[in-house]
Amino acid sequence: MGCRRVPGRVLAFQLGCLLLLGPLPSPACPSACHCSSGQADCSQHGLQEVPQSLSTNTSVLWLGYNFITVLGPGSFPPLPNLLLLSLPHNHLGLIHSRALLGLGALRDLDLSNNRLTVLSPDTFLPLTSLVMLNLGSNRLRELEPGLAGVLPQLQALLLQDNPWVCSCSIRPLWRWLSHNREKVQEKTLLLCRAPEQLNNYPIMDLRNESFRQCQETSLSAQHYVAFFVIGPLSFMASIFFCTFMGSITVFCQHLRREPDSWRRPHICGGH
């Protein structure tokens, strides 16, 4: 049976309807974004959260100049191919330790010009491919000691224009900077803001003598041995001693009740 031929007038009518309706919107590109060739530009749309209907093939995501305040668990849809994430000029004040799960391919992360005050090292553990991190122009006063340690593959770190407090708590950051000078961008802009006598003093110019008054808080192996071995032994010895002395006391009190005082052992202190 041959195929029925569609009349030319019917075909023209169908094509006209399609032209009037326009192209159907892609379900993989949110209405607040413009998507093209793996890039999703969702900047300057007043967004308060990350769009969820992004394509899993998205490699570049622009979210700058919005009103995102928190990145919590599940803030991002599965984006296994995301290489660049740009979040500058939001109101971001908190990033949950599980917020960036599933972004293991990410290489470039821009969190500049936000309101971040604290960053947990666990936050960046999933980012095993990250090579550039921009934390400039936030409200960071210090970095957690283990933060830089979870990013050994990092090649560029921007930290300028933060209100760094150059007290003992800044020493972990200073140590990392001292051993990774080639990775630090804008070195001259890393300035102390407090205490007052160090205001505008370059962090990179601090020396070991600057932290002379600081004490190490980490425990050495000897401390752990003393705590877990000697401690329990001392506790058991004290229990034994107390039990022994208590038994002697009871024994002496019993003997003092005997009529023949001459039989009292000298251990009880008799004459």
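For (1) among the charged types (D, E, K, R); (2) part of a helix (DSSP H, G or I); (3) at pLDDT 90 or above; (4) more than 19 Å from the chain's Cα centre (by Cα), each residue gets a yes or a no:
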site	(1), (2), (3), (4)
GLY149	no, yes, no, no
GLN153	no, no, no, no
GLN160	no, no, yes, no
ILE170	no, yes, yes, no
TRP174	no, yes, yes, no
GLU182	yes, yes, yes, yes
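Search the stretch 52-72 for residues being more than 19 Å from ALA105 (Cβ to Cβ) and modelled with pLDDT of 95 or more, and hand back the single one that is surrounded by the most Cβ atoms within 10 Å (Cβ to Cβ). Residue satisfying both the conditions and the ranking: ASN66. Close Cβ contacts (under 8 Å, 6 or more residues apart or on different chains) running from residues in the stretch 184-198 that are assigned to a helix (DSSP H, G or I) to residues that are of a type in the set (Phe, Trp, Tyr) and exposed (fewer than 12 other Cβ atoms within 10 Å of the Cβ) are absent. Scanning the stretch 35-54 for residues that are closer than 14 Å to PRO77 by Cβ and in contact with a strand residue (DSSP E or B) (Cβ under 7 Å, 6 or more places away or on another chain) yields ALA40, CYS42, LEU54. Close Cβ contacts (under 6 Å, 6 or more residues apart or on different chains) running from residues in the stretch 135-159 that are not assigned by TED's automatic domain parsing to the domain that holds CYS192 to residues that are buried (at least 20 other Cβ atoms within 10 Å of the Cβ) and modelled with pLDDT of 85 or more are absent. None of PRO78, PRO27 is modelled with pLDDT under 95, outside any strand (DSSP E or B) and surrounded by fewer than 11 Cβ atoms within 10 Å (Cβ to Cβ) except PRO27. Of the residues making up the stretch 92-100, at least one is hydroxyl-bearing (Ser, Thr, Tyr), on the phi < 0 side of the Ramachandran plot and in the same structural domain as THR128 (by TED's automatic domain parsing).
Here is a yes/no grid of residues against (1) at pLDDT 95 or above; (2) assigned to a strand (DSSP E or B); (3) out of contact with any Leu (no Cβ under 6 Å at 6 or more places or on another chain):
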position	(1), (2), (3)
HIS91	yes, no, yes
SER97	no, no, yes
LEU109	yes, yes, no
ASN113	yes, no, yes
VAL118	no, no, yes
LEU133	yes, yes, no
GLU142	no, no, yes
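Within 19 Å of GLU182 (Cβ to Cβ) and buried (at least 18 other Cβ atoms within 10 Å of the Cβ): is that true of LEU157 in this structure? Taking the combined requirement at face value, the residue satisfies it.
The values are calculated or read from the model by the stated rules, or taken from the named source; none is laboratory data. Worth saying up front: this structure is predicted, and the values here are computed from it rather than measured. Note that each Cβ is placed from the backbone with ideal geometry, even for glycine, and that neighbours are counted across all protein chains shown.
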